[in-house]
1. Inside the stretch 119-237, counting only helices (runs of 4 or more DSSP H) that do not spill past its ends, which hold 3 or more residues that are near the ligand (Cβ under 10 Å from one of its atoms)?
2. Looking at the stretch 13-24, is at least one residue among the β-branched types (Val, Ile, Thr), within 27 Å of His79 (Cβ to Cβ) and within 14 Å of the ligand (Cβ to nearest atom)?
3. Looking only at the stretch 3-11, decide whether some residue is of a type outside the set (Gly, Ala, Ser), touching a Cys at 6+ places or on another chain (Cβ under 6 Å) and closer than 25 Å to Ile121 by Cα.
4. Hey, does the stretch 55-62 have a residue that's hydroxyl-bearing (Ser, Thr, Tyr), assigned to a helix (DSSP H, G or I) and either modelled with pLDDT under 95 or within 17 Å of His128 (Cβ to Cβ) (or both)?
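The values are calculated or read from the model by the stated rules, or taken from the named source; none is laboratory data. The shown structure was predicted, so the numbers you read here are calculated from the model rather than taken from an experiment. Neighbour counts are summed over all protein chains in view; Cβ atoms, including those assigned to glycine, are modelled from backbone coordinates with ideal geometry.
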Amino acid sequence: MKWSEFFTSSVGKKFVMAFTGLFLISFLIVHVGINACIFADMVDPDDNGEMFNKAAHFMGASYVIRLMEIGLFAGIILHIVQGYMLEAQNRSRRKEGYAVSMGSKGSAWYKKSMGLLGTLILLFLIVHIAHFWVPSRITYETTLSEVSYNGNAMHDVFSKMVEVFQNGYVVILYILGCFSLAWHLLHGFQSSFRTVGVHNKKWLALVQSVGIGFSIIVPLIFALMPISIFFGWVTNS
Ligand code: HEM
């Protein structure tokens, strides 16, 4: 089989979904870790986002990380395009294949709703990129203020976060985005590992447990960010 045939086959598409999915999971670990620095303000009220701003500045200033960002966007686009193609293929197969509808029997609803959950995450991502990535990377001269720590000037992304999360509707949208992410990961995490070849019973059990923990804990920490800022548990004053 040629490479071009492999990538357009069902198995090839599943592989692309699994590899890009695992790559996006590793991005989520870094993203949640850096953003969790905002919680330093709960321990030290004088922090005012300093720890987070320094971490975000380090990520933005490194050329390696900026290059990886291009890979990240490519990964997101590939994951979305292949996801829609697989979804369309599965739908037409289901129409052809079964004279009797299976109804909701068989597998959990979120396994069959990966396309819908992915679309909700995509809508969340569009708003999210407009909220933070665009001001941070493109329009920063007019949309971000500057702070200085020990004479080191940098963008005050934390103040942007505090400004964005004053709006209750935005906070609700972020919570819904995190919910969709949790459900999407609940199936996607372990499915990616299966596709790349984890079939051993013991390893599968481990992947399943870690997957459930990851799918709940990571979106929960993300959701706590807008909530903590909205309720003033994390502030910049
Ligand atoms: C809910 C809490 C979240 C907060 C407060 C948050 C905050 C941010 C901030 C401040 C940036 C810009 C960072 C910079 O200055 O470079 C950013 C970028 C980004 N976020 Fe989030 N984020 C959250 C959740 C998520 C989730 C759940 C996803 C994925 C499903 C996500 C995906 C991205 C992507 C793709 C970028 C652009 C790439 C990058 O800058 O590294 N974020 N986020």
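1. On the way: elements: 134-137, 140-143, 157-164, 168-195, 201-230.
The qualifying helices (runs of 4 or more DSSP H) are 134-137, 157-164, 168-195, 201-230.
2. The answer is yes, given that some residue of the stretch 13-24 is among the β-branched types (Val, Ile, Thr), within 27 Å of His79 (Cβ to Cβ) and within 14 Å of the ligand (Cβ to nearest atom).
3. no
4. If we filter the stretch 55-62 for residues that are hydroxyl-bearing (Ser, Thr, Tyr), which is where we start, we get 62.
Restricting the remaining residues to those that are assigned to a helix (DSSP H, G or I) gives none.
No: zero hits.
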